[in-house]
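Here the structure comes first, spelled out in structure tokens, and everything after it is commentary.
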Amino acid sequence: MTARRPAPPRGLFEDAFWRHLGEGRMCLQRCDDCSSVRYPAAPCCPRCGSEACTWAPVAGSGRVVSWTRFHRQYFAEMPPPYLVVSVALDEGPMVVGNLLGDQATDPAIGAPVRLRLQTVETAAGRLDLPQWELAAAEDTAKTEKR
């Protein structure tokens, strides 16, 4: 069953981000001049100012930087409790999403996570949302070998 969610707000430069998610992978902008990876999408690199960039796939793994558990219901489609995590991707940028799985256990800061795309229904149609799940021990070993 596909979950129902409010549609996330979209910025001016994010169409490619959502298109790539719909194709089953997370891609972020990589600066063609300094190779810095950035999120959210922007018209120029915040590191060197270059306007040249390429949408490049990311590994879909990172570490929990912070988290919060929502106990209040802000959206009819999202009953509490649910966890939201800030994730530092292996490539550098930070992203935010829900942590899937056990909602009663507090995730450890620094815990390894991996991307899991979740198809949801919104008022605008189907959308693949980037969500996170705790990485299994064997996934962590693979990530640390990179």
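The values are calculated or read from the model by the stated rules, or taken from the named source; none is laboratory data. Computed from a predicted structure; not experimentally measured. Virtual Cβ from ideal backbone geometry, glycine too; neighbours counted across all protein chains shown.
Could you grab me the full set of residues in the range 84-138 that are touching a Pro at 6+ places or on another chain (Cβ under 7 Å) and over 24 Å from R38 (Cα atoms)?
Residues satisfying the conditions are Q103, T122.
Identify, by number, the condition in (1) modelled with pLDDT of 95 or more; (2) over 24 Å from L28 (Cα atoms) that V95 doesn't meet.
(2)
Please verify whether L21 is out of contact with any helix residue (DSSP H, G or I) (no Cβ under 9 Å at 6 or more places or on another chain) and under 20 Å from E133 (Cβ atoms), treating the condition exactly as stated.
It is true that L21 is out of contact with any helix residue (DSSP H, G or I) (no Cβ under 9 Å at 6 or more places or on another chain) and under 20 Å from E133 (Cβ atoms).
Give the residue, chosen from D106, D102, D15, that is among the charged types (D, E, K, R), free of Cβ contacts under 8 Å to residues at least 12 places away in the same chain and under 17 Å from E133 (Cβ atoms).
Working: D106 fails: free of Cβ contacts under 8 Å to residues at least 12 places away in the same chain; D15 fails: under 17 Å from E133 (Cβ atoms).
None of the others qualify; the one that does is D102.
Could you check R30 against (1) crowded, with 16+ Cβ neighbours inside 10 Å; (2) over 16 Å from G97 (Cα atoms); (3) modelled with pLDDT under 95 and say which number it fails?
Exception for R30: condition (3).
I'm trying to understand the selection: among the residues of the range 36-52, which are surrounded by 13 or more Cβ atoms within 10 Å (Cβ to Cβ), over 26 Å from M78 (Cα atoms) and within 20 Å of the chain's Cα centre (by Cα)?
Once the filter is applied, which keeps residues that are surrounded by 13 or more Cβ atoms within 10 Å (Cβ to Cβ), over 26 Å from M78 (Cα atoms) and within 20 Å of the chain's Cα centre (by Cα), the range 36-52 yields S36, V37, R38, A41, A42, C45.
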